[in-house]
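Before any comments, here is the structure.
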Amino acid sequence: MLLQREPRLRELRVFDLHLGPWLEELQTGPVQVTAIQGDVTQAHEVTAAVAGAHVVIHTAGLVDVFGRASSETIHEVNVQGTQNVIEACVQTGTQFLVYTSSMEVVGPNIKGHPFYRGNEDTPYEAAHRHPYPRSKALAEQLVLEANGRKVHGGLPLVTCALRPTGIYGEGHQIMRDIYYQGQRLGGRLFRAIPASVEHGRVYVGNVAWMHVLVARELQQQAALLGGQVYFCYDSSPYKSYEDFNMEILGPCGLRLVGARPLLPYWLLMFLALLNALLQWLLRPLLLYAPLLNPYTLAMANTTFTVSTNKAQRHFGYEPLFSWEDSRNRTIRWVRAMDGSAP
Ligand SMILES: NC(=O)C1=CN([C@@H]2O[C@H](COP(=O)(O)OP(=O)(O)OC[C@H]3O[C@@H](n4cnc5c(N)ncnc54)[C@H](O)[C@@H]3O)[C@@H](O)[C@H]2O)C=CC1
Ligand SMILES: CC(C)[C@@H](O)CC[C@@H](C)[C@H]1CC[C@H]2[C@@H]3[C@H](O)CC4=CC(=O)CC[C@]4(C)[C@H]3CC[C@]12C
């Protein structure tokens, strides 16, 4: 999107642990695209990649709420990695840093308090035990506290953090896993979450667009945007996590069975705890990481939606993709996956 929507872009550097063939497709236009294979946990690699950059958009992260990675690894990538990016900006004189934070920095919290169509100023007790939200909260704090630090050359570092709610769209692994789970169950998914529990979702293209916009406006309005957080939002409907997924998986042939959860919450939590026990027992042999675990069940069962226009007020953000367009693009992606089932 930077290549399509940022006319002043002269070079785009993509720094990632895993580079993919998709990068070749980007290298066809006038803008130089530099792919750098590297690890954010390695400070020297980050510094070398950042040197000479005008703006850094730091979106790398270990997104794991399924127990695949250790809490130490999650912390090392998400927190130490972010610290390395900040220090690289300071040491090399890069003045603008945008961080991809998350709704999870706020909630849902461990007490299951609902956050109903809240905004960046809504009071809410952010309390986390899980390594992922803890790491995102710590990383966001580092980024915001770094705002105003002097970078090499004496100018101030200008930072901000974007907080996407549940991202969906092309490439969404969880949506993909749920789709194949439904296919294995004869085209059916079984409702586990009450339809009344709203979960915020935002299309990946609109998240990307907000990043492009804020990276541009951070340079023009440093005093207003520096040190700020912005929820990522669009016109995706407020629905339960499962009902929202069915907006996309329904047209792909799946059916959600049950107008209300087929099992009581206590039994679902028992099964989630059983999954967690099995994961622990099997770890020496294999990685067992099902969708259902105590954390994901609690998350899915707690309302968390945002209603805000702070990004619009501060830097003129308007979603680039309508709900219909976002939905149709995602449906097309799911349908194109057929035949590539794992
Ligand atoms: N998926 C979601 O619903 C949401 C994601 N986010 C945030 O968005 C960002 C992107 O996440 P997604 O696109 O969902 O996940 P993703 O896994 O598709 O993207 C993460 C990227 O970071 C790279 N990465 C991981 N460890 C690295 C390391 N040590 N060094 C360099 N690169 C590394 C991965 O290779 C991958 O390309 C993350 O910071 C995540 O916390 C925020 C809110 C919601
Ligand atoms: C098994 C069922 C209970 C099923 O409904 C579980 C769904 C569960 C996998 C998802 C429910 C809420 C999701 C999280 C939410 O969108 C916020 C997130 C923000 C991020 O930064 C990363 C992803 C996630 C933690 C997201 C992960 C999947 C859910 C827990």
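The values are calculated or read from the model by the stated rules, or taken from the named source; none is laboratory data. Note that the coordinates shown come from a computational prediction; the quantities given were computed from them, not determined experimentally. Counting neighbours? That spans all protein chains shown, and the Cβs are built from the backbone with ideal geometry, glycine included. Note: areas computed on protein heavy atoms with side chains; ligands, DNA, RNA excluded. Shrake-Rupley method; radii C 1.70, N 1.55, O 1.52, S 1.80 Å.
Couple of notes before you dig in:
- Cα principal axis extents for segment 24-85, largest first, Å: 42, 24, 17
- Surface accessible to a 1.4 Å probe, residue 236 within the full protein complex, Å²: 10 Å²
- Cα→Cβ-extended label distance, 7 Å offset, between residue 16 and residue 329, nm: 1.6 nm
- Counted charge near residue 210, where neighbours are those whose Cβ lies closer than 15 Å (Asp, Glu -1; Lys, Arg +1): +1
- Plainly put, segment 216-273 has a radius of gyration that is 1.27 times its Kirkwood radius, both from alpha-carbon atoms, as the Rg/Rh ratio.
- Distance histogram for segment 9-51 (every C-alpha pair counted, 5 angstrom bins, percent rounded to whole numbers): 5, 23, 29, 20, 16, 6, 1
- Here the relative contact order of segment 38-337, from alpha carbon pairs under 8 Å that lie six or more residues apart, stands at 22 percent.
- Per-selection Kirkwood Rh - segment 1-153 (Cα, Å, 1 d.p.): 17.0 Å
- Rounded to 5, the percent of DSSP beta bridges in the chain classed as antiparallel: 5 percent
- For segment 280-289, backbone phi angles converted through the Karplus equation (6.51, -1.76, 1.60; θ = phi - 60°) give residue-by-residue couplings of 5, 5, 7, 3, x, 9, 7, 8, 10, 9 Hz, Gly and Pro being listed as x.
- Between the amide H of residue 14 and those of 34, 35, 36, distances stay under 5 Å, these residues lying 5 or more places away or on another chain, with hydrogens modeled in the peptide plane.
- Normalised by 2.2 N^0.38 Å, with N the number of residues, the alpha-carbon radius of gyration of segment 38-337 equals 1.03.
- In the chain, helices alone account for a calculated mean residue ellipticity at 222 nm of -12000 deg cm²/dmol, with every DSSP H run of four or more residues adding -39,500 (n - 2.57).
- Computed on segment 211-315, the Cα convex hull volume stands at 188 Å³ per residue.
- Charge dipole (segment 38-337, unit charges on Cβ, about Cα centre) - positive-most of 41, 261, 135: 261
- Using C-alpha pairs under 8 Å with a sequence gap of at least 6, the mean separation divided by the residue count of segment 204-342 gives a relative contact order of 41 percent.
- Helix 81-92 axis, angle to the chain major axis (alpha carbon atoms, nearest 10°): 10 degrees
- In the assembled protein chains, residue 265 presents an accessible area of approximately 100 Å² (probe radius 1.4 Å).
- Cα centroid separation, segment 9-87 to segment 289-317 (Å): 24 Å
- With 0.36 nm allotted per residue and the present C-alpha distance subtracted, the residue 318-residue 287 stretch has 7.0 nm of extension available.
- Computed extension length for residue 278-residue 54: 75.9 nm, one decimal, from 0.36 nm per residue of separation with the Cα-Cα distance subtracted.
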